[in-house]
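Engineer: The structure's right below; bear with me while I get my questions together.
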Amino acid sequence: MYKYDEYDQSIVDARVEEFRDQVQRRLAGQLTEDQFKPLRLMNGLYLQLHAYMLRVAVPYGTLNGRQMRLLAHIARTYDRGYGHFTTRQNIQYNWIKLADAPDILAELAKAEMHAIQTSGNCIRNISSDQFAGAAADEVTDPRPWAELLRQWSTFHPEFTYLPRKFKIAVIAADEDRAAMRLHDIGLQITRRDGILGARVFVGGGMGRTPMIAPEIRDFVPADQLLSYLEAALRVYNRYGRRDNIYKARIKILVHEIGADRYRDEVELEFAQVLTLGIDPPAAELARISAMFAPPAFDAVPSVPHELAAHDPDFAIWRTQNVSAHKQPGYAIVTVSLKPIGGIPGDASADQINVMADLAERYSHDELRVTHAQNIVLPHVREADLYAVWQALADAGLAEANLDLISDIIACPGLDYCSLANARSIPLAQKIATRFAPRQQDLGELKLKISGCINACGHHHAGHIGILGVDRKGTENYQLLLGGSGAEDVSLGKITGPGFDEDGIVDAIERVADRYVAERSEGERFLDTYRRIGMQPFKEAIYG
Amino acid sequence: MADLAGDTDNLLRFRDDEVHDEPAMTLDSFVADPGNASAVRLEAGDDARALLPFIDRLMLVEVSFPSFRDGRGYSSARILREAGYTGELRAAGDVLVDQVSPMRRCGFDSFAPEQPIDQSVLRRSLDRYDDVYQKAADGRVPVWQRRHG
Ligand code: SF4
C-alpha cells in the first residue's frame with residue numbers, strides 16, 4: 001500500500017489548517033454560504049436535508065486496518081454510529097456538524113487520509129479495480145497509476161473550477177470491475193512492445209444523459225500520461241459548456257463536437273504540453289509501485305472446494321462471495337454490505353471494526369471498497385476462509401449475495417438527498433426481501449436504483465435499473481432493462497410506463513419469471529435479455 | 001511574497017514594474033487592428049491563442065472572471081505563460097481570496113478583484129502550502145522533483 005512521505009503528509013496537514021480557517025471564516029460570517037459552498041464542496045462537505053454530509057476519500061478504494069478502524073471511530077464519535085460506503089469507493093457520514101469537520105479532517109490526516117476533492121467541480125477521487133493486486137487477469141497493478149493521478153490531480157491549479165465534476169477510473173485487466181467506460185476518463189493500462197501505457201476513453205458517464213466513453217487514444221506511454229491528461233482536461237476546461245449545468249459534463253462536449261474533433265484538439269494541446277516537462281520521471285512511478293509490491297504470500301496448497309461441504313451456509317457463501325486469487329492457496333473475499341432488508345452500503349462502527357480486524361489478521365492488512373458498495377478482503381488464505389466467514393457471520397456480514405439480485409446499488413434517495421424524487425432505500429429493502437428466497441436460482445443479476453435522474457445509483461448500468469421520478473407529486477418508478485457497467489458495457493432501456501412502489505416490485509417479479517421461462521442453459525439474465533430483446537419482457541410486465 | 005501595495009482600487013500586484021496604465025482593448029478590436037496597443041482584455045470565452053503572435057509586445061493581459069465558478073481563465077493564463085508571455089497577467093472580476101493561490105500557480109501576477117481581499121487571509125493562504133504536486137506556470141518545484149532531484 002502507498003505510504004505518505006513527508007511531502008504528502010505536509011500537503012494533507014496544510015489542507016486541514018486551510019479548511020479550519022475557511023470554516024472559521026464561515027462561522028464568523030466573513031464568507032457567505034454562496035462563497036463557502038465551493039470551498040466546503042472541494043472538501044467533501046455537502047449540506048443535505050437534515051445535516052451536513054461528509055465524504056471521506058478512499059483513494060482507489062484501498063485502505064488498511066488502521067484506516068478502517070479510524071472510519072469506525074469517526075462514525076461513533078461524530079455521526080450516529082455508522083457510515084455509508086459509496087459507489088465512488090468512498091465513505092460518507094450523513095450527520096456531521098460543520099464545527100466538527102476540521103477536527104475530523106485532522107484525525108483523518110493522522111492516518112494518511114483526507115476528504116480532498118470528494119466533491120466540487122474538480123477531479124474527484126480516482127477509482128480503480130477492487131481486485132487490483134489480487135486478480136489473475138491484470139497486466140499490472142493499476143493502483144500505482146491511480147496514486148500517480150491522485151497526486152497530479154490534488155489541488156491541480158488549472159482544473160479546480162471545471163465546468164462540472166470529473167471522474168477518472170483506472171483498470172489494468174480486460175474484465176472491467178470498475179465501470180471504466182462510464183467515467184469522464186477511463187484508462188485501461190496495457191502493454192505494447194514491452195512498454196506499459198494507457199488506452200484512453202473519454203466522455204462516458206451516467207446522469208440524465210448516459211454515454212459510453214469512446215476510445216480517444218489507443219495508447220499513451222506511461223511517461224507521457226500526465227501530459228496527455230493535462231491536454232484532455234484543458235480542452236474540456238476551455239470548451240465544456242458552462243451555460244447549463246445539465247450539459248456541462250465532458251460527455252456532452254465529446255458528443256457535441258464529436259470524438260474525432262475532440263481527439264484532434266487534444267492532440268494539438270498534447271504536442272504543446274509535452275514540451276513543458278510536467279511528467280515525473282519513471283523513477284516516480286517505480287517509487288510508488290514498490291509500495292504496491294505483492295505481500296509475502298505463503299506457499300500454501302490450494303484447499304479443495306469440497307471441504308466446505310460440512311457447513312452448507314458456508315458452502316453457499318464460499319461459492320458466491322469468494323473469487324479466484326492469482327496466488328495459489330489464496331482467495332479474494334467480498335464482504336457483502338447488503339444484508340436482506342438492510343440499507344445497501346451501510347456499516348456500523350462495530351462492523352467496520354470487525355472488518356478491520358479480519359483484514360489485519362487474515363488479509364495482509366488490506367481492504368478495498370467496491371463501487372458496488374461492498375468491502376473486499378483481497379488476500380485471504382483459502383485455509384482461513386471458514387474462520388473469516390464465521391467472524392463475518394457473527395457480525396451480520398456474511399450475506400451470500402455477491403452480484404445477485406439483493407446485492408443492490410442504491411443511492412441515498414429521498415431519505416437523505418435534497419434532489420431526490422423518490423425513495424431508494426426502502427425500495428431496495430422491499431426488493432431484497434421479496435427475491436432473496438430465489439436469488440441463487442436467478443443467478444447474476446445486478447439491480448441498481450437511483451432516486452432521481454442524476455443516476456448516483458447507476459441505474460443505467462443495471463441489468464435491471466430503477467429510476468425514481470416525480471409523477472404529479474407522487475413517487476413513481478421507471479424500470480430499465482439491459483444495462484451493464486462491465487466490459488460488456490451497455491445502457492439500459494426503459495420498459496414503458498412507470499409504477500408505484502409495490503407495482504415496481506411486482507413488475508420485477510414478472511421480469512424474473514419470464515427470464516426463468518426463457519433462459520437457456522447457463523444464461524445470465526443479461527444474456528437472455530440480449531438474446532430475446534425487450535419485447536417478451538414488456539409483454540410479461542404490461543400483459 | 002511580493003509587495004502587495006496596489007494603486008488602483010483593490011489592485012494586488014506581484015510585480016515590481018510600474019502599473020501599465022494603457023486601457024485594455026477587447027480581443028476582437030485588438031485582433032482587427034492591433035496598432036501599437038499593448039494591453040488586451042480577454043473575456044472568459046475568448047481564445048487566448050489569438051494573442052500568441054503578439055506576446056512579445058503585450059505588456060498587460062487582463063483575463064475576466066465573470067463568476068468565481070468560471071475556470072476558463074486559468075487555462076488562458078497557462079497558455080499565455082507556456083508560450084513565453086512575460087508581461088502582466090491580471091485576473092479581474094469575481095476573484096475570491098482562496099483563488100489567488102491557484103491563480104498564481106497558473107501564471108497570474110496581478111489581481112483586480114471586484115470585492116476587496118482581506119490581506120491577512122491572503123497572506124495565510126499564500127504561505128499555506130510548502131509543497132505542490134504539479135509543475136505549473138509559477139516555477140515552483142513539484143514534489144516529484146524534490147523526491148528525485
Ligand atoms: S440519484 Fe438523485 S436522489 Fe439519488 S443521490 Fe443522486 S441526486 Fe440524490
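Engineer: Given contacts defined as C-alpha pairs under 8 Å and at least six residues apart, what's the relative contact order of the range A:6-110, whole-number percent?
Structural biologist: Working: 106 pairs, mean separation 31.6, N = 105.
It comes to 30 percent, rounded to a whole number.
Engineer: Apply the Karplus parameterisation 6.51 cos²θ - 1.76 cosθ + 1.60, with θ equal to phi minus 60°, to every residue of the range A:207-220 and state each ³J(HN,Hα) to the nearest whole Hz, in sequence, with x for glycine and proline.
Structural biologist: x, 6, 10, x, 9, 9, 5, x, 6, 9, 8, 7, 6, 10
Engineer: Could you give me the percent of Cα pairs per 5 Å distance bin for the range A:329-466, shortest bin first, beginning at zero and ending with the bin that holds the maximum distance?
Structural biologist: 2, 11, 19, 21, 18, 14, 10, 4, 1, 0
Engineer: Counting residues in the range A:409-542 as N, plug N into 2.2 N^0.38 Å and put the Cα Rg over that result.
Structural biologist: Working: Rg = 13.9 Å, N = 134, 2.2 N^0.38 = 14.1 Å.
Its radius of gyration relative to the 2.2 N^0.38 Å reference: 0.98.
Engineer: Now for a separate question. Using only the C-alpha atoms of the range A:388-457, find the volume of their convex hull and express it per residue in Å³.
Structural biologist: Details: hull volume 7.1 nm³, N = 70.
About 102 Å³ per residue, rounded to a whole number.
Engineer: Sticking with this structure for a sec: How long is the range A:81-161 along each principal axis, judged by its Cα atoms, biggest number first, in Å?
Structural biologist: Principal axes ranked by extent give 45, 36, 23 Å for the Cα atoms.
Engineer: Rounded to the nearest 5, what % of DSSP beta bridges with both residues in the protein assembly as shown are antiparallel? Could the numbers behind the result be given before it?
Structural biologist: Working: 53 of 83 bridges.
Expressed as a percentage, antiparallel bridges in the protein assembly as shown total about 65.
Engineer: Calculate I(q)/I(0) for the range A:308-394 by the Debye formula, one identical point scatterer on each C-alpha and no solvent, and give its log10 at q = 0.17, 0.27 Å⁻¹ to two decimals.
Structural biologist: Results for the range A:308-394 at q = 0.17, 0.27 Å⁻¹ read -0.67, -1.60.
Engineer: Expected output is a single nm value to one decimal: the length gained when fully extending between residue B:29 and residue B:10, i.e. 0.36 nm times separation in residues minus the C-alpha distance. What is it? List each step's numbers first, then the result.
Structural biologist: Values: separation 19, 0.36 × 19 = 6.84 nm, distance 2.69 nm.
Length gained between residue B:29 and residue B:10: 4.2 nm.
Engineer: May I pose another question? With θ taken as phi - 60° and the coefficients 6.51, -1.76 and 1.60, list the Karplus ³J(HN,Hα) couplings across the range A:252-260 in order, rounded to whole Hz; mark glycine and proline as x.
Structural biologist: For the range A:252-260, the Karplus-derived couplings read 5, 4, 4, 5, 6, 8, x, 4, 5 Hz, x marking Gly and Pro.
Engineer: Give me the extension gain from residue A:394 to residue A:539: residue separation times 0.36 nm, minus the current Cα-Cα distance, reported in nm with one decimal. Mind showing how you got there, number by number?
Structural biologist: On the way: separation 145, 0.36 × 145 = 52.20 nm, distance 4.41 nm.
Length difference between fully extended and current span is 47.8 nm.
Engineer: State, in square angstrom and to the nearest 100, the accessible area buried between chains A and B, both chains counted, probe radius 1.4 Å.
Structural biologist: Working: alone 20870 and 8440 Å², together 25620 Å².
Summed over both sides, the interface buries about 3700 Å².
Engineer: First measure r as the distance between the Cβ atoms of residue B:21 and residue B:145, then evaluate 1/(1 + (r/R0)^6) with R0 = 45 Å and state the FRET efficiency to the nearest 0.05.
Structural biologist: Taking R0 as 45 Å, the efficiency between residue B:21 and residue B:145 is 0.70.
Engineer: Can you give me the relative contact order of chain A as a percent, contacts being Cα pairs under 8 Å and 6 or more apart? Working shown, then result.
Structural biologist: Values: 1169 pairs, mean separation 68.5, N = 543.
Reported as a whole number, the value is 13 percent.
Engineer: Right, another one. Hey, got the average number of other protein chain Cβ atoms within 10 angstrom for residues in A:21-31? Walk me through the numbers on the way to the answer.
Structural biologist: Numbers: counts 5, 4, 0, 0, 4, 0, 0, 0, 0, 3, 4.
For this peptide, the per-residue mean of nearby foreign Cβ atoms is 2.
Engineer: For the range A:260-287 and the range A:450-517, what is the centre-to-centre distance using only Cα atoms, to the nearest Å?
Structural biologist: 41
Engineer: Could you check the spin-label model distance between residue A:191 and residue A:28? Points 7 Å from the Cα along Cα→Cβ, value in nm.
Structural biologist: If labels sit at residue A:191 and residue A:28, their model points lie 5.7 nm apart.
Engineer: Taking H as built 1.01 Å from N, whose amide H comes closer than 5 Å to the amide H of residue A:325, not counting residues under 5 places away?
Structural biologist: A:332
Engineer: Next question. My understanding is that a pair violates if its Cα-Cα distance is over 22 Å; which of A:37/A:167; A:326/A:446; A:37/A:472 do that in this structure?
Structural biologist: Details: A:37/A:167 20 Å; A:326/A:446 25 Å; A:37/A:472 32 Å.
Result: A:326/A:446; A:37/A:472 exceed 22 Å.
Engineer: Connecting C-alpha atoms closer than 10 Å in a GNM of chain B, tell me which of B:18, B:43, B:88 has the biggest fluctuation.
Structural biologist: Of the options given, B:18 has the highest mean-square fluctuation.
Engineer: Using a basic spin-label model with each label point 7 Å from the Cα along Cα→Cβ, how many nm lie between residue B:118 and residue A:441?
Structural biologist: My value for the distance between the label points is 6.6 nm.
Engineer: When all C-alpha to C-alpha distances in the protein assembly as shown are sorted into bins of 10 Å, what percent of pairs does each bin hold, rounded to whole numbers?
Structural biologist: With a bin width of 10 Å, the distribution comes to 3, 15, 24, 26, 18, 9, 4, 1, 0, 0.
Engineer: Build a GNM of chain B with springs between Cα atoms under 10 Å: which of B:40, B:132, B:100 gets the top mean-square fluctuation?
Structural biologist: B:132
Engineer: State, to one decimal in nm, how far the label point of residue A:290 lies from the label point of residue B:82, with both points 7 Å from Cα in the Cβ direction.
Structural biologist: Using points 7 Å along Cα→Cβ, the separation is 3.2 nm.
Engineer: Sticking with this one: How long are the semi-axes of the equivalent ellipsoid of the range B:1-126, defined as square roots of 5 times the Cα gyration tensor eigenvalues? Whole Å, largest first. Don't jump to the answer; show the numbers that get you there.
Structural biologist: Working: eigenvalues 108, 46, 34 Å².
Taking √(5λ) for each eigenvalue gives 23, 15, 13 Å, largest first.
Engineer: What is the set of long-range amide H partners of residue A:421 at a cut-off below 5 Å, with H atoms built 1.01 Å from backbone N?
Structural biologist: It is A:452, by chain and number.
Engineer: Moving on. How large are Rg and Dmax for the range A:183-295 when calculated on the C-alpha trace, in angstrom?
Structural biologist: According to the Cα coordinates of the range A:183-295, Rg and Dmax are 15.4, 50 Å.
Engineer: While we're here: Given R₀ = 60 Å, FRET efficiency for residue A:531-residue B:52 by Cβ-Cβ distance, to 0.05? Show your work: numbers first, answer last.
Structural biologist: Numbers: r = 56 Å, r/R0 = 0.94.
Here the calculated transfer efficiency is 0.60.
Engineer: Right, another one. Need the full-extension length gain, residue A:48 to residue A:17, defined as separation in residues times 0.36 nm minus the C-alpha distance. One decimal, nm.
Structural biologist: 8.7 nm
Engineer: Report the Cα centroid-to-centroid distance between the range A:343-381 and the range A:12-29 in angstrom, as an integer.
Structural biologist: So the two Cα centres are separated by 32 Å.
Engineer: Here is a further query. Could you compute the FRET efficiency for residue A:350 and residue A:276, with r as their C-beta to C-beta distance and R0 at 41 Å, rounded to 0.05?
Structural biologist: Working: r = 51 Å, r/R0 = 1.24.
That pair, residue A:350 with residue A:276, gives E of 0.20.
Engineer: Scan around residue A:128 for amide H atoms under 5 Å from its own, H built in the peptide plane at 1.01 Å from N, and keep only partners 5 or more places away or cross-chain.
Structural biologist: A:170
Engineer: Over its Cα atoms, what ratio of radius of gyration to 2.2 N^0.38 Å does the range A:34-127 give?
Structural biologist: Values: Rg = 12.1 Å, N = 94, 2.2 N^0.38 = 12.4 Å.
It is 0.98.
Engineer: Could you provide, to the nearest whole Å², the per residue accessible area of the protein assembly as shown with probe 1.4 Å? Please report the intermediate quantities before stating the final value.
Structural biologist: Values: 25620 Å² over 692 residues.
On a per-residue basis, the protein assembly as shown sits at 37 Å².
Engineer: Using the Karplus equation 6.51 cos²θ - 1.76 cosθ + 1.60 (θ = phi - 60°), what ³J(HN,Hα) coupling, rounded to whole Hz, does each residue of the range A:346-362 give in order, writing x for Gly and Pro?
Structural biologist: For the range A:346-362, the Karplus curve yields 7, 9, 7, 4, 4, 5, 4, 5, 4, 5, 4, 4, 5, 4, 5, 7, 10 Hz.
The values are calculated or read from the model by the stated rules, or taken from the named source; none is laboratory data. Just so it is clear, the model here is predicted, and its values are computed rather than measured. Cβ coordinates were reconstructed from backbone atoms using ideal geometry, including for glycine residues, and neighbour counts include every protein chain displayed. Ligands, DNA and RNA are stripped out before the accessible areas are found, and what is left, the full protein with its side chains, is counted by its heavy atoms. Shrake-Rupley method; radii C 1.70, N 1.55, O 1.52, S 1.80 Å.
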